[in-house]
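Undergrad: My questions will all concern the structure given below.
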Amino acid sequence: MRVIPVETSAATLLVTKLPEVKVKDRQTGEIAVDPVTNQRLMTLELVFIAAGGSDMIKVTVPEQGIGEGLAMGAPVILSGLVARPWESEFGGRTRHGIAYRADAIMVNAPAAVQG
């Protein structure tokens, strides 16, 4: 499936739901892990504000990539954000969407003023 890099330098990203462990199978409670690094995966929700509009997005990040100090409403920076279109069929109904994945997320602290 195609992976599309997402440019965030002109966007404002704010935390709307703090990271939680991603569950792969809700029936068994199996936790999702990265197939390459075997790290647990986390999901969090953000508001993505750019070009005069905003969207809510859910982003998956490896547990090691979760930065310190994340809080509700905090402005953040995402490293390596990509979008993956997906489509699945279940019970005769087709569903589709976009899955977002980032390598890391960190609080976007303002630069210190030199004086």
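The values are calculated or read from the model by the stated rules, or taken from the named source; none is laboratory data. All of these numbers come straight from a predicted model, not from anything done at the bench. Ideal geometry is used to build each Cβ from the backbone, glycine not excepted, and the neighbour counts take in all protein chains shown. Surface areas here come from the heavy atoms of the whole protein model, side chains and all, with no ligands, DNA or RNA. Shrake-Rupley method; radii C 1.70, N 1.55, O 1.52, S 1.80 Å.
Undergrad: What is the residue count in the stretch 1-10 for residues that are farther than 12 Å from Tyr100 by Cα and crowded, with 16+ Cβ neighbours inside 10 Å?
TA: Residues that pass the stated criteria total 1.
Undergrad: Among the residues in the stretch 28-46, are any assigned to a strand (DSSP E or B), farther than 14 Å from Ala99 by Cβ, open to solvent by less than 20 Å² (accessible area, probe 1.4 Å) and touching a residue at least 60 places away in the same chain (Cβ under 8 Å)?
TA: Within the stretch 28-46, none of the residues are assigned to a strand (DSSP E or B), farther than 14 Å from Ala99 by Cβ, open to solvent by less than 20 Å² (accessible area, probe 1.4 Å) and touching a residue at least 60 places away in the same chain (Cβ under 8 Å).
Undergrad: Separate question: Please work out which residue is most open to solvent (accessible area, probe 1.4 Å), limiting yourself to the stretch 11-21 and to residues that are over 12 Å from Met42 (Cβ atoms) and touching a residue at least 40 places away in the same chain (Cβ under 8 Å).
TA: Here the answer is Thr12.
Undergrad: A further question follows. Just give me the residues in the stretch 86-106 being of a type outside the set (Gly, Ala, Ser), open to solvent by less than 50 Å² (accessible area, probe 1.4 Å) and more than 17 Å from Glu7 (Cβ to Cβ), in sequence order.
TA: none
Undergrad: Same structure, new question: For the stretch 7-23, name all the residues that are within 14 Å of Val61 (Cα to Cα) and among the charged types (D, E, K, R).
TA: Residues satisfying the conditions are Lys17, Glu20, Lys22.
Undergrad: Say we look at the stretch 48-75 and pick out the residues that are of a type in the set (A, V, I, L, M, F, W, C), surrounded by 15 or more Cβ atoms within 10 Å (Cβ to Cβ) and within 11 Å of the chain's Cα centre (by Cα); which of these is farthest from Asp34 (Cα to Cα)?
TA: If we take residues in the stretch 48-75 being of a type in the set (A, V, I, L, M, F, W, C), surrounded by 15 or more Cβ atoms within 10 Å (Cβ to Cβ) and within 11 Å of the chain's Cα centre (by Cα), then Phe48 is farthest from Asp34 (Cα to Cα).
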